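Each remark here refers to the structure printed beneath this line.
The values are calculated or read from the model by the stated rules, or taken from the named source; none is laboratory data. Owing to the predicted nature of the structure, the values given are computational and were not obtained by experimental measurement. Neighbour counts are summed over all protein chains in view; Cβ atoms, including those assigned to glycine, are modelled from backbone coordinates with ideal geometry.
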Amino acid sequence: MCSRPNCFKVASFLAAFVTISLSACQPVTLSHEGRIDFFQYRSVYVQPIALSGDAVFPDLDSATQLYLINELRTISGFRDVTGVDTLTSDSILIVDMQVDAMDDFSRQDIEYRAIASFQLIRHSGGLLARGEFSSTNIDILEAQEDALDEIALYFLKPSRL
Amino acid sequence: MIVRYNHLGLIAFVMLSLMVQTALGQPIDSKQADVGLQVFLVEDKTIAGADFSFASSNLGIHTSFSIVTADADAPRHNIDNEWVGSLFGLHFFGRVPIAPTMEARIGTGLDSWLLHGIAAGENKYAWPAYGELRFMPTATSAAFLRGRYYILSSDGLDVGEDYQGRQHKEILFSAGVSYVF
């Protein structure tokens, strides 16, 4: 049992605590505005990704293209993401990826740096967005995928909660 | 990225003054570590998790990790998951004794909202100023009420704004209980 002054103090605190708690609920809104107008540009054709750099064979790569398509389908604001140019898509995503090997003599590891630069253009011509992301990893595939993840995140669908 | 910087200078001045005053003031005798549970008092979401702090005389460090979920009936656009992500906080604070069983804490630090439920890599950050009223009915227990105001925050992290865009008080309250040792 507590003494009378202590009991009063405890009761006062608890009463104030409950009162403030019940009246203190505030809204918190988490939102993201799309980087482009996804109502106007609903579909995108992702071109095969042009690879370059000293860690890869220069090529137009369909495996990384497919990876990016899947990521865009999962999180982007585009309703339709395709790897085949049907001439009906609203926009074209052009990605160039440079992958270089970097020797780290102190760790006896080879690190790979992937630099992905992209351009989103209207199918009729005209630039909509451009940017560049890079990622470094000891796994060459991880380095490439992380850079492509950043591109997909750039086109994250608008949301509000 | 950063959208809110109103009252920045004033708040930083008041906060620093209080922390310096606290640090230079009469030391609180007891070192204190505690582990507890914290619930944020928010609408349409449930944010709750673990809360740790260690206080040495006048100053301390506080960290918390909470899970953020959306209530089933929360208004939403383009978010299907109920699990939204997590909120990680790391703060430093000063202690202000009020009574033998009560103290206030004033601090600042970093809040990281890691919204994996929306998309991996969709993170929002905020620089909070917070005040805490802490009641210790016994030597091993404490209850607290904490209010934090975001001095700076990422675009799209709006405390006090509801789904329709109406503005309310920009203070995020949380309450919790701790085991003190």
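Scanning the stretch B:93-112 turns up at least one residue that is within 15 Å of the chain's Cα centre (by Cα) and within 16 Å of A:Leu30 (Cβ to Cβ). Determine which member of the set B:Gly117, B:Gly147 is within 11 Å of chain A (Cβ to nearest Cβ), in contact with a strand residue (DSSP E or B) (Cβ under 6 Å, 6 or more places away or on another chain) and more than 18 Å from B:Asp51 (Cβ to Cβ). Testing whether each residue is within 11 Å of chain A (Cβ to nearest Cβ), in contact with a strand residue (DSSP E or B) (Cβ under 6 Å, 6 or more places away or on another chain) and more than 18 Å from B:Asp51 (Cβ to Cβ) leaves just B:Gly117.
Exactly one residue out of B:Ser153, B:Ser174 is facing another protein chain (nearest Cβ under 10 Å) and small (Gly, Ala, Ser): that is B:Ser174.
Of the set (1) buried (at least 22 other Cβ atoms within 10 Å of the Cβ); (2) facing chain A (nearest Cβ under 10 Å), all apply to B:Arg105 but (2).
The condition of being surrounded by 16 or more Cβ atoms within 10 Å (Cβ to Cβ) and on the phi > 0 side of the Ramachandran plot does not hold for B:Gly36.
Per this entry, B:Gly165 is counted among residues that are closer than 26 Å to A:Lys157 by Cα, of a type outside the set (Lys, Arg) and either at pLDDT below 90 or assigned to a strand (DSSP E or B) (or both).
Residues in the stretch B:127-181 that are polar (S, T, N, Q) and within 11 Å of the chain's Cα centre (by Cα): B:Ser174 alone.
What residue, among those in the stretch A:124-161 that are among the acidic types (Asp, Glu) and either outside any loop (DSSP other than H, G, I, E, B) or under 24 Å from A:Phe38 (Cβ atoms) (or both), is farthest from the other protein chains (Cβ to nearest Cβ)?
Only one residue fits best here, namely A:Glu132.
Working only within the stretch A:26-51, note down all residues that are assigned to a strand (DSSP E or B) and either over 22 Å from B:Gly117 (Cα atoms) or more than 10 Å from chain B (Cβ to nearest Cβ) (or both). Once the filter is applied, which keeps residues that are assigned to a strand (DSSP E or B) and either over 22 Å from B:Gly117 (Cα atoms) or more than 10 Å from chain B (Cβ to nearest Cβ) (or both), the stretch A:26-51 yields A:Ser43, A:Val44, A:Tyr45, A:Val46, A:Ile49, A:Ala50, A:Leu51. The single condition from (1) in a loop (DSSP other than H, G, I, E, B); (2) within 14 Å of chain B (Cβ to nearest Cβ); (3) without any contact (Cβ under 8 Å) to a residue 24 or more places away in the chain; (4) under 25 Å from A:Arg113 (Cβ atoms) that A:Asn70 fails is (1). Residue count for the stretch B:49-58, restricted to those that are assigned to a strand (DSSP E or B) and surrounded by 17 or more Cβ atoms within 10 Å (Cβ to Cβ): 4.
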